Every structure is written in C-alpha cells, then in structure tokens.
1. Looking only at the stretch 97-122, count how many residues are among the β-branched types (Val, Ile, Thr) and loosely packed, with under 12 Cβ neighbours inside 10 Å.
2. Counting only residues that are more than 20 Å from Pro300 (Cα to Cα) and either more than 13 Å from ligand 2 (Cβ to nearest atom) or assigned to a strand (DSSP E or B) (or both), how many does the stretch 26-58 have?
3. Which of the residues spanning the stretch 233-273 are under 26 Å from Val164 (Cα atoms), β-branched (Val, Ile, Thr) and in a loop (DSSP other than H, G, I, E, B)?
4. All but one of (1) under 20 Å from the mean Cα position of the chain (by Cα); (2) farther than 17 Å from Asp154 by Cβ; (3) among the aromatic types (Phe, Trp, Tyr) hold for Tyr221; state the number of the condition that does not hold.
5. Where in the stretch 69-176 are the helices (runs of 4 or more DSSP H), entirely inside, with at least 3 residues that are in contact with a helix residue (DSSP H, G or I) (Cβ under 7 Å, 6 or more places away or on another chain)?
6. I need a count of the residues in the stretch 235-282 that are without any contact (Cβ under 8 Å) to a residue 60 or more places away in the chain and within 16 Å of ligand 2 (Cβ to nearest atom).
7. I need every pair where a residue in the stretch 307-318 that is touching a residue at least 24 places away in the same chain (Cβ under 8 Å) has its Cβ under 6 Å from the Cβ of a residue that is basic (Lys, Arg), sequence separation at least 6 or different chains.
8. Where the second residue is charged (D, E, K, R) and in a loop (DSSP other than H, G, I, E, B) and the first is not assigned by TED's automatic domain parsing to the domain that holds Leu131 and surrounded by 15 or more Cβ atoms within 10 Å (Cβ to Cβ) and lies in the stretch 77-96, which pairs have Cβ atoms under 6 Å and are six or more apart or on separate chains?
Amino acid sequence: MNRFLNVGDIGDLHKALQEAMEIKNDRFKYVELGRNKTLLMVFFNSSLRTRLSTQKAALNLGMNVIVLDVNQGAWKLETERGVIMDGDKSEHLLEAIPVMGCYCDLIGVRSFAGLQDRDYDYAETIYHQFLKYSGKPVFAMETATVHPLQAFADLITIEEHKPVKRPKVVLTWAPHPKALPQAVPNSFAEWMNAADVDFVITHPEGYELDPKFVGNAVVEYDQRKALEGAHFVYAKNWSCPGVTRPADYGKVLSKDMRWTIDAEHMSWTDNAHFMHCLPVRRNMIVTDDVIEAPTSLVIPEAANREISATVVIKRMIG
Ligand code: AN0
Ligand code: CP
C-alpha cells in the first residue's frame, strides 16, 4: 500500500476491521515491524488528534517519528509551478518534497482545502505532488477533500457500538461560524457507503456533497425525517461543495441554528449515539447536554484514531 486517500486503498473493509480489533487487543504486537524506519508527518494546518494519534501509532510499530509544521520554522513554500518567486516565499514545494523524502520511509500529509478553487482542491494537487516527488508512500492526514484516518476510526467505533447488525447511520450538516472543508463528510460518506449500514445524509439545500462521495446514499433534506430511527447521528459542518452552484464553492450559505443537534433532535432517533470527529464548537454543532450524554462517542472516536493509524501505517511499511 503506497497511498491512503480513498476507501478503496484499504481493500476489504471486513479484514481491515479485524486487523483493527487485533491491534486494539495488543497495540504493540507489531513493534518490531518499524524498527529503524522513520515516519515524517507534515502539517500545513493545525491538529490535535491527528498529530498525537498518528505519532502514537508509529511508536506502537517501533518507528522513529519526525514532525514538521510547515508554517512554523520551515521556509515559506510556494506551491504553484511557473510563479516568479519574488515575494515572501523562499522555497518551492517541488524541491522541498524530494528533500523531505530523503529523510524518511513514509510520509503523512495534512493540507486542507483552500476553498478558493474547486478544481485545484478536488484534484488533490498537494497530496499528489507529495506522492509523485517524494519517492515514498504517502498517506492523508486530512487533505483537500478526504480524511480517511478519521472515517476508518469512525467505522471502528460504529462497529463497536452498533445495537443491530445493520444500523441506521445519519450524517447531518450543522451550523458553524467559519467555512470548513468537505473532507470529513466526504470520507465519512465514502466509508459508510462501503460498510454494512443504512446510510442517510441530510443538509440544507445548496450543501450537496460531490456525487463521487455521495454514491448511493439516501439524501433527505428534512433533517427530522432523516434522524427518525437513527442509531448513530454523525454531525459535521461543511462549506458549500459547489456541486449545484460552482460559484458558491467554499462559501457559508447558512448558519441556521435549527440544525444544531440538541436533545429534541436526539429524541427523534432510536436512542442514537452522537458522533463528531472533533474539534467541535459547542452549542453551534451540538448542545452541551448531548455531547456530554453517555450516548456520546466523541472520545471513543478520538481514541480509535490511534487504532486506524496503526493499521494503515503497518500496511504501508509492511
Ligand atoms: C477541520 C475540518 O472541518 O475539516 C478539521 C476537522 C478534523 N476543522 C476545523 O478546521 C475546525
Ligand atoms: N479529528 C481530527 O482530525 O482532529 P485534529 O484536527 O485535531 O487532528
């Protein structure tokens, strides 16, 4: 496995889940596998969970880890080819990437969508430059359009808590003050479509996700209808994906607080678990009482990030 971006990269999901459980039972089982191997984690954006859980995963596998925060201490990087570099950027990504590749065996990249140019973001331009010019396997730690380590951890969490064999899982948009990427909902949708669940997506009009991620999921614009009978409520904000109106790409079209998940919303479900990838803005996305309830899975999800990352890194160095 030399890339990890989409659900197809992990292959058989059942096998991946079995491997996750094996690692959860003994997270140091493969501690010899990474001896004298080095993971380089490259961050263009902030992170708490990804930074810690991915490092921990590499340590579980006996690897060495180097972390680079590109915006803190490294040279400012130009990412566009053909630019006359007479501004504030001292180095081009096209040199920086092969240099980074010299010092490691595996690279993780976090590089959010710019939300300015849909085609540039959806082509996963930065990720593919890392894959092409580093000469090393590269995995996404949330790139422009996907966050597969999160979706895999979410799937593990659903598997561990599902009350029925084929649960109803609802992805619901919720309000947020700033424009956020579509990476988390895109990957969640992609992975849920591949999993053994009944999957429904609900959002205000204009927030339609890219069809390649929606797949065969049911899209229900009435949030109450969507939530009825749900076993898992996965809340997330995302900015306009620009599917129906390309000019709106990356914009905040709504801050409608009627979409905030509160106790009344949860009362429409089948005693559902609340899920969110974190970080979450309380009382915008979800009320205090819902996120603090015993049915909330936000901490187990975060804990499972160590497990999903261990499986992925193990496969990439194995
Ligand atoms: C990011 C996002 O929505 O994609 C990271 C989530 C894991 N969230 C923020 O920037 C607040
Ligand atoms: N869920 C998640 O990826 O969190 P961070 O942005 O803190 O890494």
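The values are calculated or read from the model by the stated rules, or taken from the named source; none is laboratory data. Only a predicted model underlies this, so the values are computations on that prediction, with no experimental measurement involved. Glycine also receives a Cβ, built like all others from the backbone with ideal geometry; neighbour counts cover every protein chain displayed.
1. First, pick out the residues of the stretch 97-122 that are among the β-branched types (Val, Ile, Thr): 97, 99, 107, 109.
Still in the list and also loosely packed, with under 12 Cβ neighbours inside 10 Å: 99.
So the count comes out to 1.
2. Within the stretch 26-58, the first condition is being more than 20 Å from Pro300 (Cα to Cα), and the residues that meet it are 29-46.
Still in the running and either more than 13 Å from ligand 2 (Cβ to nearest atom) or assigned to a strand (DSSP E or B) (or both): 29-43.
The total comes to 15.
3. Kept after step one, since they are under 26 Å from Val164 (Cα atoms), are these residues of the stretch 233-273: 233-236, 261-273.
This time we only want the ones that are β-branched (Val, Ile, Thr), so: 233, 261, 269.
Of everything in the stretch 233-273, just one residue is under 26 Å from Val164 (Cα atoms), β-branched (Val, Ile, Thr) and in a loop (DSSP other than H, G, I, E, B), namely Thr269.
4. For Tyr221, the failing item is (1).
5. Because the criterion is at least 3 residues that are in contact with a helix residue (DSSP H, G or I) (Cβ under 7 Å, 6 or more places away or on another chain), the helices (runs of 4 or more DSSP H) in the stretch 69-176 that meet it are 93-102, 125-134, 148-161.
6. Looking only at that region, the number is 4.
7. Listed by first residue and then by second, the contacts come to Ile307/Lys24; Ile317/Lys37.
8. none
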